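This report concerns only the one structure given below.
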Amino acid sequence: QVQVVESGGDLVQPGGSLRLACAASGRSFSTYVMRWYRQAPGKQHELVAEISPGNRIKYVESVKGRFTVSRDDAKNSVYLRMNSLKPEDTADYFCNAKIGQEIYWGPGTQVTVSP
């Protein structure tokens with residue numbers, strides 16, 4: 001069983017920045033596909049960013065140029081740097097680890113963008 005836990009959520013003003021972190025257990029972290037999702041109130045889960053082994057990266061269009069995903073395999077961690085935050089970025093942010101056909105989710109961390 002792989003444990004995944006997110007951190008770094010907070011209340012921030014529009015235009016501000018946050019860095020979310022996600023740690024996943026296991027000895028083969030470098031082989032995990034790591035994804036950041038978010039779920040805003042009343043909306044479905046949205047894939048925000050994905051980083052695969054070898055640092056292949058994908059972003060949803062709405063965050064391109066503002067968010068940066070990165071990983072540190074030595075620390076079993078992935079990060080989501082969020083700049084120029086907007087009220088519409090307000091959501092619970094979740095990290096998951098895809099290992100083969102199995103997916104492990106963290107409990108999420110809350111990001112609120114408000115004056």
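The set of residues in segment 74-109 being assigned to a loop (DSSP other than H, G, I, E, B), more than 12 Å from the chain's Cα centre (by Cα), surrounded by 15 or more Cβ atoms within 10 Å (Cβ to Cβ) and not hydroxyl-bearing (Ser, Thr, Tyr) consists of Asn76, Leu85.
Scanning segment 80-101 for residues that are within 18 Å of Val2 (Cβ to Cβ) and in contact (Cβ under 8 Å) with a residue 24 or more places away in the chain yields a total of 6.
Selection within segment 30-73: residues that are small (Gly, Ala, Ser) and in contact with a Leu (Cβ under 9 Å, 6 or more places away or on another chain). The member of this set that is surrounded by the fewest Cβ atoms within 10 Å (Cβ to Cβ) is Ser70. Restricting attention to segment 82-106, the residues that are under 19 Å from Tyr32 (Cβ atoms) and touching a strand residue (DSSP E or B) at 6+ places or on another chain (Cβ under 7 Å) total 10. Counting only residues that are in contact with a helix residue (DSSP H, G or I) (Cβ under 9 Å, 6 or more places away or on another chain) and more than 24 Å from Gly15 (Cβ to Cβ), which one in segment 80-99 is modelled with the highest pLDDT? Looking at the filtered set, the residue picked out is Ala97. Quick check on this structure: which one of Thr68, Thr112 is within 21 Å of Asp10 (Cβ to Cβ), in contact with a Ser or Thr (Cβ under 8 Å, 6 or more places away or on another chain) and not in a loop (DSSP other than H, G, I, E, B)? Among Thr68, Thr112, only Thr112 is within 21 Å of Asp10 (Cβ to Cβ), in contact with a Ser or Thr (Cβ under 8 Å, 6 or more places away or on another chain) and not in a loop (DSSP other than H, G, I, E, B).
For segment 6-24: of the residues being open to solvent by less than 40 Å² (accessible area, probe 1.4 Å) and part of a loop (DSSP other than H, G, I, E, B), which is nearest to Asp92 (Cα to Cα)? If we take residues in segment 6-24 being open to solvent by less than 40 Å² (accessible area, probe 1.4 Å) and part of a loop (DSSP other than H, G, I, E, B), then Gly9 is nearest to Asp92 (Cα to Cα). Beta carbons closer than 8 Å, at least 6 apart along the sequence or on distinct chains, pair a first residue in segment 38-55 that is over 19 Å from Ser7 (Cα atoms) and part of a loop (DSSP other than H, G, I, E, B) with a second that is open to solvent by 20 Å² or more (accessible area, probe 1.4 Å) and of a type outside the set (Ser, Thr, Tyr) for Ser52/Val33; Pro53/Val33; Asn55/Arg71. Here Gln3 meets the list (1) closer than 25 Å to Ser62 by Cβ; (2) open to solvent by 60 Å² or more (accessible area, probe 1.4 Å); (3) not aromatic (Phe, Trp, Tyr) almost entirely, failing just condition (1).
The values are calculated or read from the model by the stated rules, or taken from the named source; none is laboratory data. This structure is a prediction, so every number in the text was calculated from the model and none was measured. So basically every Cβ, Gly included, is an ideal-geometry build from the backbone, and we count neighbours across all protein chains shown. With ligands, DNA and RNA removed, areas are computed over all heavy atoms of the protein, side chains included. Shrake-Rupley method; radii C 1.70, N 1.55, O 1.52, S 1.80 Å.
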